[in-house]
Every structure is written in structure tokens, then in C-alpha cells.
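The values are calculated or read from the model by the stated rules, or taken from the named source; none is laboratory data. Here the structure is a predicted model, which is why all the values come from computation and not from measurement. All Cβ positions, even for glycine, are placed from backbone atoms using ideal geometry, and neighbour counts span all protein chains on display. With ligands, DNA and RNA removed, areas are computed over all heavy atoms of the protein, side chains included. Shrake-Rupley method; radii C 1.70, N 1.55, O 1.52, S 1.80 Å.
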Amino acid sequence: MTSNRTFTMIKPDAVANGHIGNIINDITVAGFKIKAMKYLQLTNAQAEGFYAVHKERGFFGELISFMVSGPIVAIILEKVNAIEDFRTLIGATNPENAAEGTIRKKYAKSIDANAVHGSDSNENAAIEGSYFFSEFERF
Ligand code: ADP
Ligand code: MG
């Protein structure tokens with residue numbers, strides 16, 4: 001099987017709680033290669049654009065204020081079966097339902113502040129990666 005890519009963000013809660021290093025360690029131990037990485041704080045417009053698909057959902061306002069509340073780490077990752085394997089590594093959206101040993105189980109406290117993002121398809125991984133990185137910033 002060919003390697004493919006996913007996109008992740010280490011969200012403001014995990015950054016504020018000092019988990020950047022642990023999370024990147026878990027990701028690399030699981031076999032993902034870092035292809036691009038950036039530390040930044042999103043503007044409201046950037047967060048709204050990234051999460052546009054959720055704009056009709058009741059939690060959209062809270063999601064945006066949370067995502068701009070502090071810096072994040074944006075990362076493009078590569079691995080065979082990247083999308084599915086990364087979703088398995090991070091665990092369920094609600095950390096209460098996330099399996100033991102997953103990133104959200106270990107480092108997240110609530111469904112809104114759930115430590116990490118993970119793309120849900122190859123198509124969205126490509127869109128999300130190019131939302132943050134120009135072609136010159138991706139390996
Ligand atoms: P995932 O990040 O697991 O793909 P979704 O795409 O459904 O989950 O939702 C995007 C993000 O919106 C979640 O990671 C979480 O931060 C937030 N979110 C989802 N559902 C809720 C909810 N019911 N209440 C508050 N925030 C939510
Ligand atoms: Mg999602």
C-alpha cells in the first residue's frame with residue numbers, strides 16, 4: 001500500500017497544558033513522518049474557514065473561540081493508511097469515549113477541548129494541509 005497523508009493540529013488546550021512534546025512523540029512512535037510543521041495562533045477568520053463544514057452546528061461559536069484562544073501546532077503527517085491509523089491513534093471525539101492509550105484519552109479533558117484534530121478523508125487532508133502550508137513548505 002502506498003503511503004498517504006493526514007493533517008493534524010495540536011489544539012490550544014494541549015499546547016497550554018504542556019503536551020506538545022508528548023503528543024509529537026506518540027505520533028512519531030506510531031510510525032508517522034512529519035512532512036510540515038508550524039506553530040501559530042489562528043485568527044477568527046482562519047478558524048471559521050477551517051471549520052466551515054461545522055458552521056450550522058450548535059457548538060460552532062464555542063469551537064471557534066476555543067480554537068483562537070491560544071497557539072496551536074499544525075502538522076502534515078505521512079504513513080501507510082494515514083487517515084484511518086491516525087483516527088485510531090487519537091481516539092473518539094469525546095475523550096470520555098476514547099480508548100485507553102489514545103491521545104485524546106491521555107491528554108484531553110472534554111469534547112470541546114479534545115487535544116488534537118485529525119482529518120477524516122484523503123480529500124480533506126489535502127485541503128486542510130494546503131490551508132496551512134504552501135507547496136514550498138511541504139516535503
Ligand atoms: P473530530 O474532531 O473527531 O473529527 P468533528 O469533526 O465531529 O470531530 O468535530 C470537530 C470538532 O468540533 C471536535 O474535535 C470538537 O473539538 C468539536 N466538537 C464536536 N462535537 C462537539 C460538541 N457536541 N460540543 C462541543 N464541541 C464539539
Ligand atoms: Mg472532523
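Some observations on this one:
- Test result for I111, modelled with pLDDT of 95 or more, within 16 Å of ligand 2 (Cβ to nearest atom) and either open to solvent by 90 Å² or more (accessible area, probe 1.4 Å) or in a loop (DSSP other than H, G, I, E, B) (or both): yes
- Taking region 18-44 as the range and being over 17 Å from F7 (Cβ atoms) and either open to solvent by 70 Å² or more (accessible area, probe 1.4 Å) or in contact (Cβ under 8 Å) with a residue 12 or more places away in the chain (or both) as the test, the residues that pass are H19, N22, N25, V29, Q41, T43, N44.
- Each residue in region 97-118 was checked for being farther than 16 Å from D26 by Cβ and touching a residue at least 12 places away in the same chain (Cβ under 8 Å), and 5 of them qualify.
- Verdict on A92 being more than 16 Å from ligand 2 (Cβ to nearest atom), part of a loop (DSSP other than H, G, I, E, B), at pLDDT 95 or above and open to solvent by less than 70 Å² (accessible area, probe 1.4 Å): no
- Only residues that are of a type outside the set (V, I, T) and closer than 19 Å to L77 by Cβ were counted across region 99-122, and they come to 13.
- Looking only at region 45-67, and only at residues there that are in contact (Cβ under 8 Å) with a residue 12 or more places away in the chain, within 15 Å of ligand 2 (Cβ to nearest atom) and more than 16 Å from I127 (Cβ to Cβ), the one that is surrounded by the fewest Cβ atoms within 10 Å (Cβ to Cβ): F59
- Test: K105 is open to solvent by 20 Å² or more (accessible area, probe 1.4 Å), assigned to a helix (DSSP H, G or I) and on the phi < 0 side of the Ramachandran plot: yes
- Residues of region 36-91 that are within 14 Å of ligand 1 (Cβ to nearest atom), hydroxyl-bearing (S, T, Y) and more than 21 Å from I103 (Cβ to Cβ): S65 alone.
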